[in-house]
Amino acid sequence: MAYRIITVSRQFGSGGRSIGKKLAERLGYGYYDKELVKQVSMATGFAPEYIEEKGEYAQSRSKLSYLFGVVGTAGVMNGMSATDYLYTMQRKVILDLAEQGNCVIVGRCADYILRDRADTLHTFFHAPVPYRAERIVRLYGESEQSPEKRLADKDGKRRVNYEHFTGRTWGAAEHYDLALNTASIGEDACVELLTRIVLAHE
């Protein structure tokens, strides 16, 4: 079975997004990250900035963050809370993109949403904290929070969001076809490895 779709899940700062983009360019696949946000924005009317943050991250690192969500008004967003409505629309967009052609999709529970497709390769990228801390400072600069705190906050909110909507453990190896340590393997080697795997299944 050929791999038409590749989902990219990643720890913050691991380089998974960069690897996904390079892989899409190498294979000539569509790449959906910011473009996915744009399509969801058009479908929902939410601002791209809101989708960028709320579409993949919980309000806090606590699982309780979803227990007190504001329920929507009947007839507006189908009576769902904004977060549930956003997930529903993201899911629809991801399913539509998967039908349109070969592509790489970054984050947003795409691995779970497309879990039943045999033509999809699910990847997870991780790396030790020191590697990721150095990388985010180099790419995004310093902030008032320590790099380690930024990593913990981003990953914690991403984990809560993922587990709330999927019922699965974020980052658990059994949910992915490949889990790669970008610090030990290197971004370019990850791209090369994935390219070979996809081409071997054509």
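The values are calculated or read from the model by the stated rules, or taken from the named source; none is laboratory data. Source: prediction; values computed, not measured. So basically every Cβ, Gly included, is an ideal-geometry build from the backbone, and we count neighbours across all protein chains shown. Just the protein is used for accessible areas: all its heavy atoms, side chains included, with ligands, DNA and RNA removed. Shrake-Rupley method; radii C 1.70, N 1.55, O 1.52, S 1.80 Å.
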Residues of the stretch 18-36 being surrounded by fewer than 22 Cβ atoms within 10 Å (Cβ to Cβ) and modelled with pLDDT under 95, in sequence order, are 33, 34, 35
Taking only the stretch 12-61 into account, find how many residues are within 23 Å of residue 170 (Cβ to Cβ) and of a type in the set (Lys, Arg). 5
Of the conditions (1) modelled with pLDDT of 95 or more; (2) under 22 Å from residue 140 (Cα atoms), residue 193 fails just one. Which one is it? (2)
Search the stretch 148-196 for residues being in contact with a Leu (Cβ under 7 Å, 6 or more places away or on another chain) and surrounded by 15 or more Cβ atoms within 10 Å (Cβ to Cβ), and hand back the single one that is nearest to residue 108 (Cα to Cα). 177
Exactly one of these conditions fails for residue 122: (1) over 24 Å from residue 24 (Cα atoms); (2) in contact with a helix residue (DSSP H, G or I) (Cβ under 6 Å, 6 or more places away or on another chain). Give me its number. (1)
List pairs: first residue in the stretch 27-42 and on the phi > 0 side of the Ramachandran plot, second residue polar (S, T, N, Q) anywhere in the structure, Cβ distance under 8 angstrom, at least six positions apart or on different chains. 28/102
Has the stretch 176-183 got any residue that is without any contact (Cβ under 8 Å) to a residue 24 or more places away in the chain and out of contact with any strand residue (DSSP E or B) (no Cβ under 6 Å at 6 or more places or on another chain)? no
Spot the failing condition for residue 123; the list is (1) in contact with a Ser or Thr (Cβ under 8 Å, 6 or more places away or on another chain); (2) open to solvent by 40 Å² or more (accessible area, probe 1.4 Å), and only one is missed. (2)
